[in-house]
Amino acid sequence: MRAKQTLKWLHQSQVTDFSAMTDIAKTTRDTLAAHSEIRDLTVITDKTASDGTRKWLFDVGSSAVDAVFIPEDDRGTLCISSQAGCALDCAFCSTGKQGFNRNLSTAEIIGQLRYADRVLKADIGIVGRTLDGVQPVTNVVMMGMGEPLANFEAVVPALELMLDDNAYGLSRRRVTVSTSGLVPQIDELSKRCPVALAVSLHAPTDALRDVLVPINKRYPIAELLAACNRYLEFAPRDFITFEYVMLDGVNDQPEHADALIKIARQVPCKLNLIPFNPFPNSEFKKSPRERILAFQRRLSDAGIVTTIRKTRGDDIDAACGQLAGQINDRTRRTQKVIAIHAARTVGATP
Ligand code: SAH
Ligand code: SF4
(Lines give C-alpha, C1' and ligand atoms only; values in the text may rest on other atoms or scores of the structure.)
(Ligands and ions follow the chains in the order given, each with its own letter.)
Protein backbone atom coordinates (compact mmCIF):
# COMPACT_ATOMS: atom_id res chain seq x y z
CA MET A 1 0.00 0.00 0.00
CA ARG A 2 2.84 2.38 0.89
CA ALA A 3 4.57 1.60 -2.41
CA LYS A 4 1.39 2.39 -4.34
CA GLN A 5 0.93 5.65 -2.48
CA THR A 6 4.55 6.61 -3.10
CA LEU A 7 4.27 5.83 -6.81
CA LYS A 8 1.17 7.99 -7.10
CA TRP A 9 2.83 10.90 -5.36
CA LEU A 10 5.94 10.59 -7.53
CA HIS A 11 4.45 9.94 -10.94
CA GLN A 12 0.90 11.31 -10.81
CA SER A 13 0.98 14.18 -8.32
CA GLN A 14 4.64 14.73 -9.23
CA VAL A 15 5.66 16.04 -5.83
CA THR A 16 9.21 17.30 -5.41
CA ASP A 17 9.55 16.57 -1.71
CA PHE A 18 8.73 13.60 0.52
CA SER A 19 7.13 15.95 3.04
CA ALA A 20 4.29 16.56 0.54
CA MET A 21 3.23 12.88 0.68
CA THR A 22 0.60 13.68 3.26
CA ASP A 23 -1.19 10.32 3.46
CA ILE A 24 2.05 8.58 4.41
CA ALA A 25 3.12 8.49 8.06
CA LYS A 26 5.75 11.06 8.95
CA THR A 27 8.21 8.42 10.16
CA THR A 28 7.92 6.60 6.81
CA ARG A 29 8.43 9.86 4.93
CA ASP A 30 11.51 10.56 7.02
CA THR A 31 12.86 7.09 6.26
CA LEU A 32 12.26 7.62 2.53
CA ALA A 33 13.99 10.99 2.66
CA ALA A 34 16.94 9.51 4.52
CA HIS A 35 17.49 6.83 1.89
CA SER A 36 16.49 8.44 -1.38
CA GLU A 37 15.99 11.69 -3.23
CA ILE A 38 13.47 13.07 -5.73
CA ARG A 39 15.42 14.75 -8.49
CA ASP A 40 14.46 15.90 -11.96
CA LEU A 41 16.70 15.55 -14.96
CA THR A 42 18.52 18.77 -15.81
CA VAL A 43 17.36 20.27 -19.09
CA ILE A 44 20.02 21.73 -21.37
CA THR A 45 17.76 22.78 -24.24
CA ASP A 46 14.03 22.74 -24.94
CA LYS A 47 13.11 23.32 -28.59
CA THR A 48 9.85 23.23 -30.47
CA ALA A 49 9.86 22.59 -34.22
CA SER A 50 7.61 24.29 -36.75
CA ASP A 51 5.43 21.13 -36.86
CA GLY A 52 4.93 21.16 -33.07
CA THR A 53 7.47 18.42 -32.34
CA ARG A 54 9.29 19.25 -29.11
CA LYS A 55 12.75 18.06 -28.13
CA TRP A 56 14.45 18.23 -24.78
CA LEU A 57 18.14 17.64 -24.32
CA PHE A 58 18.90 16.35 -20.82
CA ASP A 59 22.22 16.56 -19.03
CA VAL A 60 23.11 13.15 -17.64
CA GLY A 61 26.45 14.12 -16.15
CA SER A 62 29.15 12.92 -18.50
CA SER A 63 26.87 13.18 -21.50
CA ALA A 64 23.48 14.32 -22.81
CA VAL A 65 20.43 12.45 -24.11
CA ASP A 66 17.25 13.55 -25.87
CA ALA A 67 13.54 12.90 -25.59
CA VAL A 68 11.16 13.97 -28.34
CA PHE A 69 7.41 14.59 -28.11
CA ILE A 70 5.45 14.14 -31.32
CA PRO A 71 1.87 15.47 -31.14
CA GLU A 72 -0.64 14.05 -33.58
CA ASP A 73 -4.41 14.41 -33.91
CA ASP A 74 -5.27 11.19 -32.11
CA ARG A 75 -2.21 10.62 -29.92
CA GLY A 76 0.92 12.11 -28.36
CA THR A 77 4.03 10.00 -28.67
CA LEU A 78 7.08 10.45 -26.49
CA CYS A 79 10.30 9.01 -27.89
CA ILE A 80 12.83 8.40 -25.12
CA SER A 81 16.46 7.35 -24.79
CA SER A 82 17.87 4.30 -23.01
CA GLN A 83 21.62 4.90 -23.26
CA ALA A 84 24.00 7.82 -23.72
CA GLY A 85 25.48 6.86 -27.07
CA CYS A 86 25.32 3.31 -28.41
CA ALA A 87 27.89 0.57 -28.88
CA LEU A 88 26.20 -1.13 -31.82
CA ASP A 89 27.54 1.23 -34.46
CA CYS A 90 24.89 0.99 -37.18
CA ALA A 91 26.37 2.63 -40.26
CA PHE A 92 23.58 5.21 -40.79
CA CYS A 93 22.97 6.31 -37.17
CA SER A 94 24.39 9.44 -35.56
CA THR A 95 24.05 7.94 -32.06
CA GLY A 96 26.09 4.95 -33.23
CA LYS A 97 28.75 7.27 -34.62
CA GLN A 98 29.18 8.85 -31.18
CA GLY A 99 30.11 5.53 -29.64
CA PHE A 100 28.95 4.28 -26.26
CA ASN A 101 29.08 6.53 -23.24
CA ARG A 102 27.01 4.75 -20.59
CA ASN A 103 23.75 3.05 -19.69
CA LEU A 104 21.01 5.28 -18.29
CA SER A 105 19.57 4.29 -14.92
CA THR A 106 15.89 3.42 -14.50
CA ALA A 107 15.43 6.84 -12.88
CA GLU A 108 16.97 8.58 -15.89
CA ILE A 109 14.78 6.62 -18.31
CA ILE A 110 11.48 7.12 -16.48
CA GLY A 111 12.62 10.65 -15.59
CA GLN A 112 12.25 11.61 -19.27
CA LEU A 113 8.57 10.62 -19.16
CA ARG A 114 8.01 12.19 -15.74
CA TYR A 115 9.47 15.47 -16.95
CA ALA A 116 7.63 15.54 -20.30
CA ASP A 117 4.33 14.55 -18.69
CA ARG A 118 4.58 17.40 -16.19
CA VAL A 119 5.62 20.20 -18.53
CA LEU A 120 3.19 19.19 -21.27
CA LYS A 121 0.35 19.14 -18.74
CA ALA A 122 1.46 22.49 -17.32
CA ASP A 123 1.30 23.91 -20.87
CA ILE A 124 -2.38 23.07 -21.07
CA GLY A 125 -3.06 24.21 -17.53
CA ILE A 126 -3.11 20.85 -15.73
CA VAL A 127 -1.09 20.56 -12.57
CA GLY A 128 -0.68 17.28 -10.72
CA ARG A 129 -3.03 14.37 -11.07
CA THR A 130 -4.11 12.93 -14.37
CA LEU A 131 -7.50 14.14 -15.47
CA ASP A 132 -9.63 11.64 -17.34
CA GLY A 133 -9.44 12.18 -21.05
CA VAL A 134 -6.61 14.73 -20.94
CA GLN A 135 -3.34 12.97 -21.47
CA PRO A 136 -0.62 14.65 -23.53
CA VAL A 137 1.56 11.51 -23.63
CA THR A 138 -0.55 8.58 -24.82
CA ASN A 139 2.26 6.46 -26.28
CA VAL A 140 5.92 5.88 -25.45
CA VAL A 141 8.47 4.54 -27.93
CA MET A 142 11.98 3.54 -26.91
CA MET A 143 13.42 4.87 -30.15
CA GLY A 144 15.67 7.64 -28.88
CA MET A 145 19.37 7.22 -28.25
CA GLY A 146 20.73 3.79 -27.45
CA GLU A 147 19.75 0.15 -27.73
CA PRO A 148 17.14 -0.49 -25.03
CA LEU A 149 17.72 -4.23 -24.90
CA ALA A 150 21.44 -3.68 -24.26
CA ASN A 151 20.41 -1.91 -21.03
CA PHE A 152 17.87 -4.54 -20.13
CA GLU A 153 17.93 -4.47 -16.33
CA ALA A 154 17.33 -0.70 -16.20
CA VAL A 155 14.83 -0.61 -19.05
CA VAL A 156 12.42 -3.28 -17.75
CA PRO A 157 11.58 -1.51 -14.44
CA ALA A 158 11.10 1.73 -16.42
CA LEU A 159 8.66 -0.07 -18.74
CA GLU A 160 6.86 -1.48 -15.69
CA LEU A 161 6.39 2.05 -14.35
CA MET A 162 4.98 3.19 -17.70
CA LEU A 163 2.39 0.41 -17.46
CA ASP A 164 1.64 0.67 -13.72
CA ASP A 165 -1.78 2.14 -12.92
CA ASN A 166 -0.23 3.86 -9.92
CA ALA A 167 2.25 5.60 -12.22
CA TYR A 168 1.47 6.27 -15.93
CA GLY A 169 -1.06 3.49 -16.63
CA LEU A 170 -0.27 3.10 -20.34
CA SER A 171 -1.45 -0.09 -22.01
CA ARG A 172 1.17 -2.56 -23.31
CA ARG A 173 0.07 -1.81 -26.85
CA ARG A 174 1.01 1.85 -26.39
CA VAL A 175 4.55 1.22 -25.20
CA THR A 176 7.03 0.11 -27.87
CA VAL A 177 10.59 -1.12 -27.56
CA SER A 178 12.66 -0.75 -30.72
CA THR A 179 15.64 -3.06 -31.04
CA SER A 180 18.35 -3.67 -33.60
CA GLY A 181 17.83 -7.36 -32.90
CA LEU A 182 19.36 -8.72 -29.67
CA VAL A 183 17.85 -12.20 -29.85
CA PRO A 184 18.32 -13.48 -26.25
CA GLN A 185 16.97 -10.22 -24.84
CA ILE A 186 13.93 -10.34 -27.15
CA ASP A 187 13.13 -13.73 -25.59
CA GLU A 188 13.75 -12.37 -22.11
CA LEU A 189 11.50 -9.35 -22.76
CA SER A 190 8.67 -11.69 -23.80
CA LYS A 191 8.82 -13.22 -20.32
CA ARG A 192 9.46 -10.11 -18.24
CA CYS A 193 7.48 -7.30 -19.89
CA PRO A 194 6.01 -8.05 -23.33
CA VAL A 195 5.26 -4.60 -24.73
CA ALA A 196 4.90 -3.85 -28.45
CA LEU A 197 8.05 -4.67 -30.41
CA ALA A 198 9.68 -2.86 -33.32
CA VAL A 199 12.70 -4.43 -34.97
CA SER A 200 15.22 -2.45 -36.99
CA LEU A 201 15.65 -4.66 -40.04
CA HIS A 202 17.01 -2.20 -42.63
CA ALA A 203 18.29 -4.89 -45.01
CA PRO A 204 16.76 -8.04 -46.51
CA THR A 205 19.97 -10.10 -46.78
CA ASP A 206 22.62 -11.02 -44.23
CA ALA A 207 25.39 -9.73 -46.53
CA LEU A 208 23.91 -6.21 -46.53
CA ARG A 209 22.61 -6.27 -42.95
CA ASP A 210 26.07 -7.29 -41.70
CA VAL A 211 27.30 -3.94 -43.03
CA LEU A 212 24.39 -1.69 -42.03
CA VAL A 213 23.51 -3.26 -38.66
CA PRO A 214 26.71 -5.00 -37.48
CA ILE A 215 24.94 -6.91 -34.64
CA ASN A 216 23.57 -9.04 -37.51
CA LYS A 217 26.90 -10.90 -37.56
CA ARG A 218 26.03 -12.21 -34.09
CA TYR A 219 22.26 -12.68 -34.64
CA PRO A 220 21.61 -13.17 -38.37
CA ILE A 221 18.23 -12.59 -40.02
CA ALA A 222 16.92 -16.18 -39.71
CA GLU A 223 17.55 -16.21 -35.95
CA LEU A 224 15.99 -12.77 -35.60
CA LEU A 225 12.84 -13.80 -37.47
CA ALA A 226 12.51 -16.92 -35.30
CA ALA A 227 12.79 -14.72 -32.18
CA CYS A 228 10.08 -12.40 -33.58
CA ASN A 229 7.73 -15.35 -34.06
CA ARG A 230 8.40 -16.56 -30.50
CA TYR A 231 7.77 -13.02 -29.19
CA LEU A 232 4.39 -12.84 -30.91
CA GLU A 233 3.02 -15.50 -28.58
CA PHE A 234 3.33 -12.97 -25.75
CA ALA A 235 3.05 -9.63 -27.55
CA PRO A 236 0.13 -7.24 -27.00
CA ARG A 237 -0.33 -6.91 -30.77
CA ASP A 238 -0.48 -9.66 -33.37
CA PHE A 239 2.31 -8.25 -35.51
CA ILE A 240 5.90 -7.07 -35.23
CA THR A 241 6.83 -3.70 -36.73
CA PHE A 242 9.87 -3.91 -38.99
CA GLU A 243 11.68 -0.61 -39.41
CA TYR A 244 13.51 -0.11 -42.69
CA VAL A 245 15.58 3.03 -43.29
CA MET A 246 15.62 4.04 -46.96
CA LEU A 247 19.20 4.67 -48.10
CA ASP A 248 19.75 5.96 -51.61
CA GLY A 249 21.13 3.21 -53.87
CA VAL A 250 21.97 0.96 -50.90
CA ASN A 251 18.81 -0.91 -49.87
CA ASP A 252 16.04 0.77 -51.88
CA GLN A 253 16.05 -1.15 -55.19
CA PRO A 254 13.26 -3.42 -56.52
CA GLU A 255 15.34 -6.53 -55.75
CA HIS A 256 15.59 -5.42 -52.12
CA ALA A 257 11.81 -5.03 -52.00
CA ASP A 258 11.39 -8.53 -53.44
CA ALA A 259 13.77 -10.04 -50.88
CA LEU A 260 11.99 -8.11 -48.14
CA ILE A 261 8.63 -9.53 -49.24
CA LYS A 262 10.00 -13.04 -48.68
CA ILE A 263 11.11 -12.07 -45.18
CA ALA A 264 7.86 -10.35 -44.34
CA ARG A 265 5.94 -13.49 -45.26
CA GLN A 266 7.75 -15.41 -42.52
CA VAL A 267 6.55 -13.21 -39.61
CA PRO A 268 3.17 -11.51 -39.11
CA CYS A 269 4.40 -7.93 -39.48
CA LYS A 270 3.92 -4.38 -40.63
CA LEU A 271 6.68 -2.54 -42.40
CA ASN A 272 7.59 1.03 -41.57
CA LEU A 273 9.84 2.70 -44.13
CA ILE A 274 11.93 5.49 -42.60
CA PRO A 275 13.33 8.10 -44.99
CA PHE A 276 16.99 8.42 -43.97
CA ASN A 277 17.63 11.56 -41.94
CA PRO A 278 21.02 12.99 -42.78
CA PHE A 279 23.45 14.25 -40.13
CA PRO A 280 26.90 15.87 -40.46
CA ASN A 281 29.52 13.58 -42.05
CA SER A 282 27.07 10.78 -42.78
CA GLU A 283 28.08 8.72 -45.79
CA PHE A 284 24.49 8.01 -46.95
CA LYS A 285 21.82 9.94 -48.80
CA LYS A 286 18.05 9.83 -48.43
CA SER A 287 16.28 7.81 -51.13
CA PRO A 288 14.32 10.07 -53.48
CA ARG A 289 10.62 10.31 -52.63
CA GLU A 290 9.51 8.53 -55.83
CA ARG A 291 11.74 5.57 -55.04
CA ILE A 292 10.34 5.27 -51.52
CA LEU A 293 6.81 5.37 -52.94
CA ALA A 294 7.67 2.73 -55.57
CA PHE A 295 9.24 0.54 -52.87
CA GLN A 296 6.12 0.90 -50.74
CA ARG A 297 3.88 0.07 -53.68
CA ARG A 298 5.83 -3.10 -54.49
CA LEU A 299 5.44 -4.31 -50.90
CA SER A 300 1.80 -3.29 -50.63
CA ASP A 301 0.99 -5.03 -53.91
CA ALA A 302 2.43 -8.21 -52.39
CA GLY A 303 0.01 -7.84 -49.47
CA ILE A 304 2.49 -6.48 -46.91
CA VAL A 305 1.10 -3.57 -44.87
CA THR A 306 3.70 -0.87 -45.47
CA THR A 307 3.71 2.70 -44.17
CA ILE A 308 6.17 5.54 -44.63
CA ARG A 309 7.22 7.28 -41.42
CA LYS A 310 6.55 11.00 -41.49
CA THR A 311 9.69 12.96 -40.80
CA ARG A 312 8.98 15.12 -37.78
CA GLY A 313 10.98 17.84 -36.15
CA ASP A 314 13.88 17.75 -38.58
CA ASP A 315 14.35 21.54 -38.32
CA ILE A 316 15.43 20.99 -34.69
CA ASP A 317 17.36 17.75 -35.34
CA ALA A 318 14.67 15.72 -33.60
CA ALA A 319 14.12 13.21 -36.40
CA CYS A 320 15.15 9.53 -36.11
CA GLY A 321 18.89 9.10 -36.03
CA GLN A 322 19.61 12.81 -35.59
CA LEU A 323 19.50 12.93 -31.82
CA ALA A 324 22.30 14.84 -30.12
CA GLY A 325 23.68 15.40 -33.60
CA GLN A 326 24.45 18.99 -32.69
CA ILE A 327 26.39 18.33 -29.51
CA ASN A 328 29.10 16.04 -30.80
CA ASP A 329 31.69 18.58 -29.89
CA ARG A 330 32.44 17.69 -26.27
CA THR A 331 33.96 21.04 -25.42
CA ARG A 332 31.01 22.98 -26.72
CA ARG A 333 28.66 20.69 -24.89
CA THR A 334 30.50 20.94 -21.60
CA GLN A 335 30.55 24.72 -21.90
CA LYS A 336 26.83 24.74 -22.50
CA VAL A 337 26.16 22.60 -19.43
CA ILE A 338 28.37 24.81 -17.27
CA ALA A 339 26.70 27.97 -18.57
CA ILE A 340 23.27 26.60 -17.76
CA HIS A 341 24.29 25.52 -14.29
CA ALA A 342 25.79 28.96 -13.68
CA ALA A 343 22.60 30.69 -14.82
CA ARG A 344 20.56 28.49 -12.50
CA THR A 345 22.81 29.13 -9.51
CA VAL A 346 22.70 32.89 -10.04
CA GLY A 347 18.91 32.88 -10.31
CA ALA A 348 18.26 30.44 -7.46
CA THR A 349 17.31 31.33 -3.94
CA PRO A 350 19.30 29.44 -1.30
N1 SAH B 1 18.59 1.16 -30.93
C2 SAH B 1 17.24 0.95 -31.28
C3 SAH B 1 16.33 2.13 -31.05
C4 SAH B 1 16.84 3.49 -31.38
S5 SAH B 1 16.95 3.99 -33.04
C6 SAH B 1 17.14 0.47 -32.72
O7 SAH B 1 18.13 0.54 -33.43
O8 SAH B 1 16.08 0.00 -33.09
C9 SAH B 1 15.26 4.17 -33.61
C10 SAH B 1 15.12 3.93 -35.13
O11 SAH B 1 15.73 4.99 -35.89
C12 SAH B 1 15.81 2.63 -35.56
O13 SAH B 1 15.03 1.91 -36.46
C14 SAH B 1 17.05 3.18 -36.22
O15 SAH B 1 17.62 2.24 -37.08
C16 SAH B 1 16.53 4.41 -36.92
N17 SAH B 1 17.57 5.34 -37.37
C18 SAH B 1 18.81 5.47 -36.87
N19 SAH B 1 19.48 6.44 -37.55
C20 SAH B 1 18.64 6.89 -38.49
C21 SAH B 1 18.74 7.92 -39.49
N22 SAH B 1 19.85 8.64 -39.64
N23 SAH B 1 17.67 8.14 -40.28
C24 SAH B 1 16.53 7.43 -40.10
N25 SAH B 1 16.37 6.47 -39.18
C26 SAH B 1 17.41 6.20 -38.38
FE1 SF4 C 1 22.36 1.93 -31.69
FE2 SF4 C 1 19.88 1.80 -32.74
FE3 SF4 C 1 21.67 3.65 -33.60
FE4 SF4 C 1 22.03 1.05 -34.19
S5 SF4 C 1 20.33 2.39 -34.86
S6 SF4 C 1 23.61 2.49 -33.47
S7 SF4 C 1 21.29 0.08 -32.32
S8 SF4 C 1 20.78 3.53 -31.56
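From helices alone, the chain scores -10500 deg cm²/dmol at 222 nm; the rule is -39500 (n - 2.57) for each run of n ≥ 4 DSSP H residues, then divide by the residue total.
As a length-normalised measure over Cα pairs under 8 Å and 6 or more apart, the relative contact order of the chain settles at 16 percent. Quick one: with all protein chains in place, what share of the accessible area of the chain is carbon or sulfur, to the nearest percent (1.4 Å probe)? So the carbon and sulfur contribution to the accessible surface is 52 percent. A simple spin-label model places pseudo-atoms 7 Å from Cα toward Cβ; at residue 290 and residue 310 they are separated by 2.6 nm.
Taking 0.36 nm per residue of separation and subtracting the Cα-Cα distance, full extension of the segment from residue 207 to residue 270 would add 20.4 nm. Put a plus charge on the Cβ of each Lys and Arg, a minus charge on the Cβ of each Asp and Glu, and nothing anywhere else: the dipole of the chain about its Cα centre is then about 260 debye.
Taking the DSSP bridge list for segment 142-298 and keeping only pairs wholly inside it, about 5 percent are antiparallel.
If you check each cysteine of the chain for another cysteine whose beta-carbon is under 4.7 Å away, which ones come up empty? Lacking a cysteine Cβ partner under 4.7 Å: 79, 86, 193, 228, 269, 320. Taking label positions 7 Å along the Cα-Cβ direction at both residue 17 and residue 281, the computed distance is 4.7 nm, reported to one decimal.
The share of C-alpha pairs in segment 1-59 whose separation exceeds 13 Å stands at 68 percent.
Over segment 205-246, the ratio between the Cα radius of gyration and 2.2 N^0.38 Å evaluates to 1.28.
When the trypsin sites (Lys or Arg not before Pro) in segment 235-276 are filtered for DSSP coil states and for at most 14 other beta-carbon atoms within 10 Å of their beta-carbon, the remaining sites are 265. Computed with a 1.4 Å probe over protein heavy atoms only, the accessible surface of the chain comes to 46 Å² per residue.
3J(HN,Hα) couplings calculated from phi for segment 148-156 with the Karplus curve 6.51 cos²θ - 1.76 cosθ + 1.60 (θ = phi - 60°) are, in sequence order, x, 7, 8, 10, 4, 5, 8, 6, 4 Hz; Gly and Pro show x.
Just checking the listed ones, 282, 63, 81: in the Gaussian network model of the chain with Cα springs under 10 Å, the one fluctuating most is 282. Averaging 1/r over every pair of different alpha carbons in segment 22-101 and inverting the result gives a Kirkwood radius of 15.7 Å.
Each DSSP beta bridge with both residues in the chain is either parallel or antiparallel, and the antiparallel ones are about 50%. Per residue, the convex hull spanned by the alpha carbons of segment 140-196 comes to 73 Å³. Pop out the ³J(HN,Hα) list for segment 206-211 in order, Karplus 6.51 cos²θ - 1.76 cosθ + 1.60 with θ = phi - 60°, rounded to Hz; leave Gly and Pro as x. Karplus-based 3J(HN,Hα) across segment 206-211 equals 4, 4, 7, 5, 4, 7 Hz. Other residues within the sphere of radius under 11 Å centred on the Cβ of residue 6, judged by their own Cβ, net out at +3 (K and R +1, D and E -1). Backbone amide hydrogens, once placed in the peptide plane, bring residue 87 within less than 5 Å of 147, excluding anything fewer than 5 places away on its chain. Seen from every direction in turn and averaged, the convex hull around the alpha carbons of segment 139-249 projects onto 7.0 nm². Phi angles of segment 58-73 translate, via the Karplus equation with coefficients 6.51, -1.76, 1.60 and θ = phi - 60°, into HN-Hα couplings of 9, 7, 10, x, 6, 7, 9, 9, 10, 10, 10, 9, 10, x, 10, 4 Hz per residue; Gly and Pro are given as x. The gain in end-to-end length when the residue 302 to residue 33 segment is fully stretched comes to 90.9 nm, 0.36 nm per residue minus the alpha carbon separation. In summary, the convex hull built on the alpha carbon positions of the chain has an orientation-averaged projected area of 18.7 nm². Only one residue of 141, 107, 95 has its Cα farthest out toward the positive end of the dipole of the chain, where Lys and Arg carry +1 and Asp and Glu -1 on Cβ, and that residue is 107. With a threshold of 32 Å on the Cα-Cα distance, the over-threshold entries among 47/217; 55/262; 55/286; 217/285 are 47/217; 55/262. Within a straight-line Cα-Cα reach of under 17 Å, residue 121 can be paired with the following aspartates and glutamates, leaving aside sequence neighbours fewer than 8 residues apart in one chain: 40, 46, 72, 73, 74, 132.
The values are calculated or read from the model by the stated rules, or taken from the named source; none is laboratory data. Predicted, not measured: the structure shown is a model, and the values here were computed from it. A quick note on method: Cβ atoms are made from the backbone with ideal geometry, for glycine too, and the neighbour counts reach across all protein chains shown. The accessibility values were calculated without ligands, DNA or RNA, using every heavy atom of the protein model including side chains. Shrake-Rupley method; radii C 1.70, N 1.55, O 1.52, S 1.80 Å.
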